[in-house]
Amino acid sequence: MEQTTKGGKELIYFIQQGADGPIKIGYTTGTISIRVNQIQTACHEKLTLLGTMDGDANKKRLLHAFFHAHKLHGEWFEPAPMVLNYIFALNIAKTLKMQEELRADLSINLDPETLEGNKVDIDQIIQGFEKVRSLGLILKHRARRIPGKRRVEP
């Protein structure tokens, strides 16, 4: 499903250049894939979308101020543990929110009594979902190397 802004709100994104390169913290009022492609045309290394969140220009400025110690230039920041951990926590929070929504949907749409005797254990479905999502997040955020610095763990 394509991420676009909701209700006129801007979308803040975190894009990384290369495997362990700098991270751009920006925002868009359009479709995130279009924005990534726009930035990609000016970048020789592959860009990876690390995460998104609802937010406006003021929230983006607050994030820039918060990560100021890791600022390289413009909207680009070092992939420092503080920055990576923030994005990781953001992804976990989004996953938990999706799990809550899934749990609500499953309890409404998969009511065991309406499935003619087929028992559905919603908690088992949620646990499976949690395991798959957490493995994906953990694999995506392994130890990264900051250019010119020793290896760090996010």
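The values are calculated or read from the model by the stated rules, or taken from the named source; none is laboratory data. None of these values were measured; they are calculated from a predicted model. Glycine gets a Cβ as well: all are built from the backbone with ideal geometry, and neighbour counts include every protein chain shown.
Quick notes on this structure:
- Positions within region 60-85 being in a loop (DSSP other than H, G, I, E, B), farther than 11 Å from PHE14 by Cβ and charged (D, E, K, R), in sequence order: GLU78
- Considered as a group, the residues in region 10-54 that are among the basic types (Lys, Arg) and surrounded by 14 or more Cβ atoms within 10 Å (Cβ to Cβ) include one that is modelled with the highest pLDDT, and that residue is LYS24.
- Residue that is farthest from GLU75 (Cα to Cα) [pool: residues in region 7-43 that are among the charged types (D, E, K, R) and touching a helix residue (DSSP H, G or I) at 6+ places or on another chain (Cβ under 9 Å)]: GLU10
- Test: residue in region 127-150 that is surrounded by 10 or more Cβ atoms within 10 Å (Cβ to Cβ) and modelled with pLDDT of 60 or more: yes
- Criterion (among the small types (Gly, Ala, Ser) and within 14 Å of the chain's Cα centre (by Cα)) met by exactly one of GLY26, GLY30, GLY21: GLY26
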